[in-house]
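Peer 1: Here it is, the structure in full.
The values are calculated or read from the model by the stated rules, or taken from the named source; none is laboratory data. Model, not experiment: these values are computed from the prediction. Note that we place each Cβ from the backbone using ideal geometry, even for glycine, and neighbour counts take in every protein chain shown.
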Protein chains: 2
Amino acid sequence: MARVVVNVALKPEILDPQGRAVQGAFGRLGLTGVTDVRQGKQFVLTVDGEVTPAKLEEIKHIAETLLSNPVIEDFTVEVQA
Amino acid sequence: MARVVVNVALKPEILDPQGRAVQGAFGRLGLTGVTDVRQGKQFVLTVDGEVTPAKLEEIKHIAETLLSNPVIEDFTVEVQA
């Protein structure tokens, strides 16, 4: 049993109005010093058995095609024991 | 300049229909062995200067009140150099 975490975030050059709204709310709530906020998605996969290199490649392929939009988003895939 | 990552996820006992839909799509796309998928949100904060313990407490407070719904969601806060 392994956990694979896929994080999907907007590319740095893409405007993030959701993150901008959160940053504005921080200021109104008195939290200063936060110069940027980016909001992304996180998918936590529970995988049966071992995550072999081939399985990881499959997951990366699906992260690129199903979980993210490669035109505007970047993703990372991290295997946790 | 520090990065603070806040991950917000549904509590384990709360049904996650989005995650369930993603899991179903995995199966149709031929990725087998994924027994569970949970979808959450990730906020990446860029903080000016050092993240002092007091600042971290402020961020945790805001993660609990603004970024998550403590009735149905858990959150983690992680400081990255």
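Peer 1: Hey, among B:Glu50, B:Glu58, B:Glu64, which residue is within 7 Å of chain A (Cβ to nearest Cβ), of a type in the set (D, E, K, R) and more than 30 Å from A:Leu56 (Cβ to Cβ)?
Peer 2: From the options B:Glu50, B:Glu58, B:Glu64, the qualifying one is B:Glu58.
Peer 1: Which members of region A:38-81 meet the condition of being in contact (Cβ under 8 Å) with a residue 60 or more places away in the chain and of a type outside the set (S, T, N, Q)?
Peer 2: Scanning region A:38-81 gives A:Leu67, A:Ile72, A:Glu73, A:Asp74, A:Phe75, A:Val77, A:Glu78, A:Val79, A:Ala81.
Peer 1: Additional query: Looking at (1) within 8 Å of another protein chain (Cβ to nearest Cβ); (2) out of contact with any Phe, Trp or Tyr (no Cβ under 6 Å at 6 or more places or on another chain); (3) not hydrophobic (A, V, I, L, M, F, W, C), which is the only condition A:Gln39 fails?
Peer 2: The failed condition is (2).
Peer 1: Okay, moving on. Can you find even one residue in region B:54-76 that is in contact with a Ser or Thr (Cβ under 7 Å, 6 or more places away or on another chain), under 20 Å from A:Ala9 (Cβ atoms), modelled with pLDDT of 95 or more and aromatic (Phe, Trp, Tyr)?
Peer 2: yes
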